[in-house]
Structure formats: structure tokens, C-alpha cells
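To start, the structure itself, in C-alpha cells.
Taken together, the values in this text are just the output of simple stated rules run on the coordinates, not laboratory data. Remember, predicted model here, so these are calculated numbers, not experimental data. Cβ: placed from backbone, ideal geometry, glycine included. Neighbour counts: every protein chain shown.
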Amino acid sequence: MRALRLLCLIWLAAACDLAPQPPQPTLAALPSPPVLSFTATARPTRMPLPPTWTPSYSASATPAPRTHSLLSAEAIRVEANIAKIENRRRVNFSLWLTPREQLVQSATLHYTFPQSGKTEQRRVPLPPQKLGETFKSPLSLSFSIDQMPLHEDRIVYQWLIEAQDGSLLQTAPQTFKVTEAIAEERRDDLPIIPAEAHFWSDFPNQAILSVRLKPEAPIRQAKVYYTQNTGLVLFSFPVRHVPQKRPGEEIQISFVFNDELAPQIPWQRLEWWFVLTDQNGKQWRTQPQFNEYSDTRFHQWQRTEGDRAVIFTYERSAADIAFIKRGTDHALERLERFFGYRLLYKPHIVFYNQPRHFKAWAPPNLADRFIGLASAVWGGVVVTFHSSLEYTVYSVIQHELTHLFQYQAMRDDDAPLWWIEGTASYFEERSAQDYMARARNFVRRNGMPDLQRTNRHLVARDVSVTYFVGAAIVDYVIQTYGLQAFQRLHIALARHTPFDQALQQVIGKTRRQLSQEFAAWLMR
């Protein structure tokens with residue numbers, strides 16, 4: 001499960017390198033002009049798109065099949081075709097089938113790594129099968145993520161199913177990316193049971209999720225599944241009370257979502273459904289529902305749908321909202337180009353007009369120290385207005401959105417804090433701070449900090465290291481080794497390669513060597 005820690009990552013009470021100064025946000029700007037501008041002459045390149053791929057039948061694997069007729073999609077029906085990361089170290093492919101008119105004689109998974117061109121195909125064992133019944137277990141193939149070619153993050157795959165009469169069913173080619181992977185089991189293979197769904201919001205106390213249905217047989221067990229960001233992190237809990245069904249009776253199954261289960265984030269999106277097991281052992285799922293955990297206590301919120309995000313504001317003019325929308329969409333498009341992958345979901349951006357409004361919501365241990373926070377668990381950003389609208393949009397929101405990209409691909413302990421916060425500070429476009437000058441000043445006064453430290457717990461001295469020195473190191477890596485090195489480092493982290501090992505793979509340096517090189521570059 002990825003990134004369960006709440007990220008609260010813009011520090012207000014920064015300790016300065018010089019004499020004591022009034023508290024100010026430690027948010028740093030990209031150098032001017034930017035190291036990687038978005039002009040035609042210096043536009044960052046995208047990761048290459050997977051080529052159009054037709055599976056080849058290599059003699060090194062399964063012999064090339066004879067010419068076959070194509071099988072009707074209803075003769076053997078595909079119920080679910082799932083690829084995911086399993087136990088952080090394996091890629092797993094699963095195909096659920098229902099043989100309706102013919103039994104399956106063989107199944108082969110064909111896959112290729114598009115950057116290297118390496119292609120594989122493997123025959124998959126068949127489970128017991130019966131006409132008209134969905135497989136009790138899926139066709140399944142998994143392999144270690146270490147078997148992927150170095151720096152590869154994509155697999156293009158396709159299933160080939162042969163029926164008993166020799167006809168073939170081919171699934172459409174699909175692309176799996178480790179940087180855009182869901183690791184959780186949603187039970188999408190189960191059939192849908194008709195149900196009437198209800199969602200009741202009483203923010204911040206609770207939300208009640210319930211379904212009313214008439215099952216054919218009594219329900220023996222029920223579990224609720226919910227995700228706050230379209231599946232990146234999935235939670236499931238057993239339902240304590242399942243009503244007993246009498247003939248023809250409708251039953252209601254409910255679950256309470258509250259602060260004992262997760263932080264109560266305003267306007268987060270909940271996707272939820274129930275998985276039910278009846279007394280005969282048959283399993284069903286209800287249709288997934290999408291609801292927003294609405295906070296209507298103090299403000300008249302306005303919901304604005306952008307191209308890449310959903311924005312929640314109150315008491316803002318149409319011009320302000322349009323500015324926030326443009327800046328947020330710009331930030332997400334920019335981060336997609338730098339990281340080389342997209343978010344799996346549309347993040348929700350909650351914009352408070354004043355720090356006191358933000359503090360009225362924020363947990364007490366966070367309200368006085370931060371002006372923005374983000375989490376990959378609930379897939380969104382909560383910020384308060386600071387300094388100016390331009391600064392809030394192009395520094396605070398951009399900083400927090402960077403964290404969403406990071407924690408889609410890795411866990412919060414996969415990289416040191418100076419890399420995590422330094423990257424987010426590097427991507428701020430309107431910061432009031434010059435991170436390069438602040439980093440240079442810090443190193444001149446204190447010497448190069450020990451990058452072996454993870455500095456998970458911020459103290460005053462660590463702030464300059466975490467935000468300013470960290471941003472300068474990210475700048476150095478991109479300038480010296482290129483944008484591709486930055487992207488490959490995050491691919492390695494998405495493959496759960498330890499940070500030091502990832503550095504060695506991507507730039508051929510240890511953390512100590514990187515520190516020495518960076519210090520010489522910074523002070524030149």
C-alpha cells in the first residue's frame with residue numbers, strides 16, 4: 001500500500017541561514033530563466049509513447065500457431081483483464097473468463113517491453129472450467145519486476161485464447177506502466193448485483209455508505225471497499241451487521257466512514273462498493289459509486305471542473321477561479337512532462353481564502369506550521385491563500401501537486417526527505433525565495449550537509465537542507481545528467497529500487513559522490 005502518511009509539506013517557520021528574520025514560507029523558485037523552459041528551443045521531451053504492437057510468435061517460446069478462425073466474444077467472454085503490482089516486487093496479469101459456448105483449450109500471454117523491443121510469450125495453466133460458469137480462479141502470470149529491462153516502465157500485453165475447436169480469441173493490446181499502476185485488488189471480476197445506493201455526508205463527523213437490495217439467497221458476509229483516489233490506495237472492512245433475508249424481503253447494508261478510519265478531508269472523492277457472499281458461497285459486488293464528501297458548514301463552495309483537476313473555492317470572483325483553473329491545469333501538464341507519467345485520477349484542489357479558515361479545518365498539529373498539504377492516499381491538495389493569488393497558485397499548489405506525482409510512483413520512505421521536498425520546491429514557478437542562493441549560503445556557512453541522513457523529522461536547521469539544498473541538488477541532477485535521468489530515477493523508485501541503488505543505476509554515483517560533485521558545482 002502506497003504513501004499512507006499524510007504529507008504536510010510547506011514549512012512556515014523556517015530557520016534562516018543568516019540572522020533571525022520574521023517567519024516566511026520556505027518555498028523556492030526555479031532559477032530565472034528556468035533551467036528547463038517551455039520554449040520551442042528547450043522544451044522537455046516526453047517519454048516515448050509505446051509503439052503500435054502486434055504480438056510475434058517467437059520460436060524461442062511457444063511454437064507459432066496454425067491459422068485459426070476468430071472466436072466470437074460471446075463464445076468465451078472476458079469478465080476482467082487486470083494487471084497490477086503485487087507485493088511491491090512482482091507484476092501480475094490476471095484474466096477472468098466465462099466459457100459460454102466452448103471450453104478453453106490453451107491460453108498464452110504475449111508481452112513486450114517497448115523501449116528495448118524485448119518480446120516474450122508464455123503459456124498459462126488453465127483452471128478447472130465448466131460451460132456457463134466464470135472461472136473460479138483467473139488465468140494468471142506474474143514475474144519479478146527485476147526481470148524488466150533496466151529503466152523500462154511499460155509493458156504492452158495481449159492474451160491469446162484458443163478454444164477446443166481451434167478458433168482464437170485475442171484481447172485488445174493494453175499498456176501497463178509501473179508509474180501508473182494500481183496495486184490493490186478491487187474484485188472487478190465479480191458480477192454486479194442490482195442495488196440502490198445511498199450516500200449521506202455529515203462532514204467532518206461521518207459519511208454513511210449504504211445499499212438496498214433483494215438478494216436471491218441470504219447474504220452471509222459483506223465487505224465494504226472504498227478508495228479516496230480511484231484505487232491508488234484501497235481500503236476494505238467487514239460489515240459488522242448483515243440483515244437476515246426473508247423470502248421477497250429487501251435488505252439494507254450500511255457502513256460508516258469517519259475520522260477513526262482516515263483524515264476527514266473536505267471535498268475528497270470517495271469511490272465505494274460492497275462485496276457480498278451469499279449462503280451458497282457465491283460472491284457479488286455492487287456497482288461502484290462516486291461521491292464527494294461535501295463540507296457545507298461555513299462557506300458557499302463552488303465546484304470548478306478543470307481539464308486535469310477539480311477545484312473547490314468560495315467567495316472568489318469568476319476571474320480568480322479562471323486563474324486558479326488555468327494555473328492548476330498548467331502545473332499538472334508541466335509535471336506530466338517532467339515526470340513522464342500522468343496521475344491516475346483527477347486531484348481535488350481545496351482552496352481556503354484565509355489562514356484562519358484553513359486552521360479551522362486543519363488538524364491542530366499542522367495548522368500553525370503549514371500553508372498547504374497533499375496526500376496520495378486521498379488524492380488531493382488543501383491550501384490556504386498566502387501572499388498573493390499568483391504565489392498561491394504557482395508556488396503553493398504546484399509544490400503540493402508535485403507530491404502527488406511522487407507518491408503515485410513510490411512510498412514516502414523510498415527516498416530521502418531532501419529529495420522529496422527539494423523536488424517539490426524546484427517545481428515552484430513563483431517562489432519568493434531563490435533556492436540556489438539560499439543553498440549556496442547555507443553550504444558556505446555550514447559546510448555540505450550529510451546526504452546520508454534521511455531527516456524524516458524536520459528541525460529548524462533541516463529546513464534549509466530539505467527545501468533549498470534539496471532543490472539545488474535536483475537542479476544539478478537535471479542540468480548535469482539530463483531530464484531523462486530524473487525520469488529514470490522515478491521509474492526505478494516506482495520499481496521499488498532503494499534510492500542509493502537507483503542513483504547508481506541511473507547516474508552511476510553513490511550518494512556520497514553525488515554530494516561531493518554537487519558541492520563543487522554549487523560553489524564554483
Where does segment 380-524 land on Rg/Rh, using Cα atoms and the Kirkwood Rh? 0.95
At 7 Å along the Cα-to-beta-carbon direction for both ALA437 and ARG220, put a label point, then send me their distance in nm to one decimal. 7.1 nm
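Please report the net charge: other residues with Cβ closer than 13 Å to the Cβ of GLN174, K and R +1, D and E -1.
Working: positive: LYS84, ARG154, LYS177; negative: GLU180.
Result for the neighbourhood of GLN174: +2.
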If you take every residue apart from TRP96 with its C-beta less than 9 Å away from the C-beta of TRP96, what net charge results, scoring Lys and Arg +1 and Asp and Glu -1? -3
Report the full-extension gain for the segment ARG212 to ALA73: residue separation times 0.36 nm, less the Cα-Cα distance, to one decimal in nm. 46.8 nm
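Given the Cα-Cα distance of LYS136 and TRP521 and 0.36 nm per residue of separation, how much length would full extension add, in nm? Walk me through the numbers on the way to the answer.
Numbers: separation 385, 0.36 × 385 = 138.60 nm, distance 6.01 nm.
Contour length minus the Cα-Cα distance gives 132.6 nm.
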Which of LYS245/LYS282; LYS118/LYS509; LYS84/LYS136; LYS130/LYS282 have a Cα-Cα distance over 23 Å? LYS118/LYS509
Theoretical FRET efficiency, 1/(1+(r/R0)^6), r = Cβ-Cβ of GLN147 and ASP307, R0 41 Å, to 0.05: 0.65
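Over the residues of segment 196-292, compute the C-alpha Rg and express it relative to 2.2 N^0.38 Å.
On the way: Rg = 13.7 Å, N = 97, 2.2 N^0.38 = 12.5 Å.
In units of the 2.2 N^0.38 Å rule of thumb, it is 1.09.
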Segment 165-208: equivalent-ellipsoid semi-axes (sqrt of 5 x gyration tensor eigenvalues, Cα, Å): 37, 20, 8
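Quick check: residue separation of ASP165 and ARG187 times 0.36 nm, minus the Cα distance between them. What number comes out in nm? Please report the intermediate quantities before stating the final value.
On the way: separation 22, 0.36 × 22 = 7.92 nm, distance 3.09 nm.
In short, 4.8 nm is gained.
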For segment 76-172, treating each Cα as an identical point scatterer without solvent, what Debye log10 I(q)/I(0) comes out at q = 0.25 1/Å? -1.34
Taking Rh as the Kirkwood radius, which is the inverse of the mean 1/r over Cα pairs, what is the Rg/Rh value for segment 257-360? 1.09
Taking the alpha-carbon centre of each part, the distance from segment 163-185 to segment 251-316 in Å is 29 Å
Suppose the Debye formula is applied to equal point scatterers at every Cα of segment 370-422; what is log10 I(q)/I(0) at q = 0.31 Å⁻¹? -1.21
